[in-house]
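Taking it in order: structure first as structure tokens, then the write-up.
The values are calculated or read from the model by the stated rules, or taken from the named source; none is laboratory data. As the structure is a computational prediction, the values presented were derived from the model and not from experiment. Counting neighbours? That spans all protein chains shown, and the Cβs are built from the backbone with ideal geometry, glycine included.
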Amino acid sequence: MSLRYSLAEMRNPMRPEEPKKFYAKSQVRDVVSLNRIADEISYATALTDGDVLNVLRGLIRKVKEHLADGDIVDLEEFGKFQYQISSRGAESKEKFTPANIRKVRLQFRPCEFLKPSLKHLKFERVLPVKTRKAAESGDGDTGGDTGGGNDGGGGILG
């Protein structure tokens with residue numbers, strides 16, 4: 001297994017006067033649905049995929065409820081979720097109102113199990129999705145990553 005990436009030529013937004021450089025862009029292999037996960041779990045257990053799906057949907061519902069109550073949701077060997085608030089400052093406590101809150105974002109802190117060791121992480125260079133789809137359809141528009149394909153397989157970082 002390896003992380004897939006393509007190359008994109010871009011300017012550094014912090015230094016637009018500098019020449020463009022090539023940067024790695026993550027490329028998704030697949031989108032895995034809740035139904036697919038439930039089916040895969042049921043195959044490895046005595047539960048039906050419907051039973052597993054109901055449990056997963058219940059988990060999602062409870063995570064939403066606890067987050068809305070301001071709780072940290074600790075899913076042990078998966079990670080922790082909590083909301084973080086970003087706000088504009090006020091001159092005093094009395095002048096601070098909810099209107100000072102600019103945005104709320106969901107923070108996820110993965111557990112150690114999910115944090116891959118960078119020494120063993122492998123990478124595979126592929127064409128960008130747009131270019132791959134054009135090539136598969138015979139469109140001929142293969143703009144984008146001119147490097148293309150695989151650059152020798154899973155390079156190892158470290």
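Only residues that are touching a helix residue (DSSP H, G or I) at 6+ places or on another chain (Cβ under 6 Å) and not in a strand (DSSP E or B): list them for the stretch 68-90, please.
Across the stretch 68-90, the qualifying residues are Glu77, Arg88, Ala90.
Yes or no: the stretch 39-49 includes at least one residue that is loosely packed, with under 13 Cβ neighbours inside 10 Å and of a type in the set (Val, Ile, Thr).
Yes, the stretch 39-49 has at least one match.
Could you grab me the full set of residues in the stretch 1-22 that are in contact with a strand residue (DSSP E or B) (Cβ under 6 Å, 6 or more places away or on another chain) and surrounded by fewer than 12 Cβ atoms within 10 Å (Cβ to Cβ)?
Of everything in the stretch 1-22, those that are in contact with a strand residue (DSSP E or B) (Cβ under 6 Å, 6 or more places away or on another chain) and surrounded by fewer than 12 Cβ atoms within 10 Å (Cβ to Cβ) turn out to be Met10, Lys20.
So Glu94 clears everything in (1) more than 20 Å from Tyr5 (Cα to Cα); (2) in contact with a strand residue (DSSP E or B) (Cβ under 9 Å, 6 or more places away or on another chain) except one condition, right? Which one?
Result: Glu94 fails condition (2) only.
Mind listing whichever residues of the stretch 51-87 are of a type in the set (Gly, Ala, Ser) and exposed (fewer than 11 other Cβ atoms within 10 Å of the Cβ)?
Within the stretch 51-87, Gly58, Ala68, Gly70, Ser86 meet the criteria.
Scan the stretch 106-127 and tell me whether some residue there is part of a strand (DSSP E or B), β-branched (Val, Ile, Thr), more than 17 Å from the chain's Cα centre (by Cα) and on the phi < 0 side of the Ramachandran plot.
No, there is no match, as no residue in the stretch 106-127 is part of a strand (DSSP E or B), β-branched (Val, Ile, Thr), more than 17 Å from the chain's Cα centre (by Cα) and on the phi < 0 side of the Ramachandran plot.
Select from the stretch 105-141 the residues that are surrounded by 14 or more Cβ atoms within 10 Å (Cβ to Cβ) and modelled with pLDDT under 70 and list them in ascending order.
Listed by number, the list holds a single entry, Arg132.
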